[in-house]
1. Once phi is turned into θ = phi - 60°, what whole-Hz ³J(HN,Hα) does the Karplus curve with 6.51, -1.76 and 1.60 give for every residue of region 57-65, x standing for Gly and Pro?
2. Could you calculate the FRET efficiency of Glu221 with Ala247 from 1/(1 + (r/R0)^6), where r is the beta carbon distance between them and R0 is 35 Å, rounded to 0.05?
3. Treating the angle as unsigned and between 0 and 90°, give the value, to the nearest 10°, between the Cα long axis of helix 378-387 and the longest Cα principal axis of the chain.
4. Through the Karplus equation 6.51 cos²θ - 1.76 cosθ + 1.60, θ set to phi - 60°, convert the phi angles of region 131-148 into ³J(HN,Hα) values in whole Hz; use x for Gly and Pro.
5. Want the number for Ala200 to Leu122: 0.36 nm per residue separation, take away the alpha-carbon distance, what's left?
6. For Lys398, give me every one of the aspartates and glutamates with a C-alpha distance below 13 angstrom, ignoring sequence neighbours fewer than eight places off in its own chain.
7. Sequence-distant or interchain residues sharing an amide H contact under 5 Å with Asn190, placed H: which?
8. Roughly how many nanometres apart are two label points built 7 Å out from the Cα toward the Cβ at Asp52 and Lys96?
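Read-outs: derived from the displayed coordinates by stated rules, not from any lab. This is a predicted model, so every value here is computed, not measured. We place every Cβ from the backbone using ideal geometry, glycine too, and count neighbours over all the protein chains shown.
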Amino acid sequence: MRKLDLFVRTGLFAMTVAAGWQGYHAFTAWQSVRERSSGYRTVYVDISGNVDRPGRYCVPAGLTGYEILKVAGMRITSSLAGLSLMDQIQSNKSIKVDSLEKAVYIKPAVRLEVNTPGVNILGTDGQNRLMQDQMTLDEGDRVMTDEHSQAELSFDDVSKIDVDNFSELTLEKIGQEENDKHVTQFFQKNGHCWYQMRLADRNAVFNTNTPKAHVSVMGHEANYNIEVKFSETTINCVSGLLSIEKAGGTEALNLISGQSVTVYNDDRPMVVSGGVLEPEISGRFRLLAQAKADVQTRRMPLNFLFCSPPYAFVLVTVQFDKNEVSVINIPASISVRYFAQGISTIQDAYLYGGPVFITTIAERMFSCRIPKYIVFDRDAVLRSVNTLGGVKLTPDDKAASYLKIGRGETALRSNDVIKFMSPDISGEEG
């Protein structure tokens with residue numbers, strides 16, 4: 001265990017230093033433009049349009065439009081079209097931010113979090129998909145369990161669906177836009193499923209259809225289970241509010257917490273009765289809970305995202321059971337249009353939602369959970385230098401004169417380190 005711990009710590013340290021060095025050099029690129037006299041030369045940038053904090057900004061020459069818009073604050077309806085974000089600003093400038101026709105929106109994901117043996121995922125082509133923990137499911141996929149198997153699906157990271165044995169569940173829609181709403185819809189053909197829904201998106205709609213009943217979540221939270229049998233369907237509402245409609249639209253009602261309704265496959269009316277409590281439902285999924293604990297303690301990798309905007313984004317994965325550390329460099333200009341509406345690249349995504357947006361999109365891209373992220377930006381550089389008590393360097397005569405320090409080894413702190421990294425203050429190369 002000690003060897004594994006040392007291996008992981010060493011690997012993570014090496015990866016962080018490597019990624020940090022890349023991000024640090026990207027950061028110092030715009031610091032190279034300065035006034036030949038003491039201090040930085042400043043310019044005025046007027047930000048107008050659809051931003052949180054419009055106005056006139058006095059900034060160091062050489063700063064990019066990207067850095068300024070981070071401060072001005074992008075909205076989910078702000079448009080980056082026509083803006084040269086990576087160009088260094090050398091003189092006074094005006095930047096106008098227009099509006100998007102539709103707000104930025106990251107499409108939700110449905111994942112197979114964990115399963116016991118005997119679960120199959122059938123794609124739209126009718127072929128079995130390769131099974132793996134945390135795999136992302138697509139529209140049209142069917143989850144099928146046999147006599148002894150169970151599965152847990154997650155929806156939009158905060159909701160989950162437990163699928164019991166002898167069940168079949170199809171993903172009909174995932175975040176489809178309909179009448180300004182984002183609709184997700186499942187079809188439960190048979191068996192028993194437990195839905196624990198929490199809808200983070202205020203425009204989200206979640207529906208579950210069965211052969212004889214249509215179930216819709218009213219509001220943003222609901223805990224319910226559905227059991228589909230040959231002759232009837234039972235919907236049990238543990239908490240929240242559900243809208244129940246019989247197939248064909250012949251009958252409808254609202255189901256509140258603590259109620260259950262039986263929908264028959266013939267002409268009999270729906271019957272409301274007392275509900276089943278959550279402990280009784282969870283007891284059916286004991287084997288699944290054991291499998292989930294095994295995945296979390298033994299097989300689940302540690303993933304974290306290193307962000308040094310706007311240039312460096314790195315995914316680091318530690319596979320404990322294999323003693324492996326892998327690093328994936330994510331190009332800042334990589335297209336994310338498939339995963340998000342209104343966002344072109346991953347560096348653009350950071351402007352809209354910071355590391356949370358980036359992490360969510362990376363989870364979609366690599367079909368994995370990323371519970372942690374690290375941000376290494378200008379402030380992080382300054383904090384790191386100050387925490388270390390400064391960085392010991394030996395500036396040449398030109399740099400020492402500019403920094404107004406004596407010759408020989410000295411400890412530079414915060415802004416002096418940034419100034420020293422500017423290539424034109426030193427007589428030496430590199």
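1. In residue order, the calculated couplings are 10, 9, 10, x, 4, x, 5, 9, x Hz.
2. Computed FRET efficiency for Glu221 and Ala247: 0.85.
3. 70 degrees
4. These are the phi-based 3J(HN,Hα) values: 7, 7, 4, 6, 5, 7, 9, 10, 4, x, 5, 10, 9, 10, 10, 9, 4, 10 Hz.
5. Gain in length upon complete extension: 25.3 nm.
6. Leaving aside aspartates and glutamates fewer than 8 places away in the same chain, those within reach of Lys398 are Asp424, Glu428, Glu429.
7. Correct list: Glu168.
8. It is 2.4 nm.
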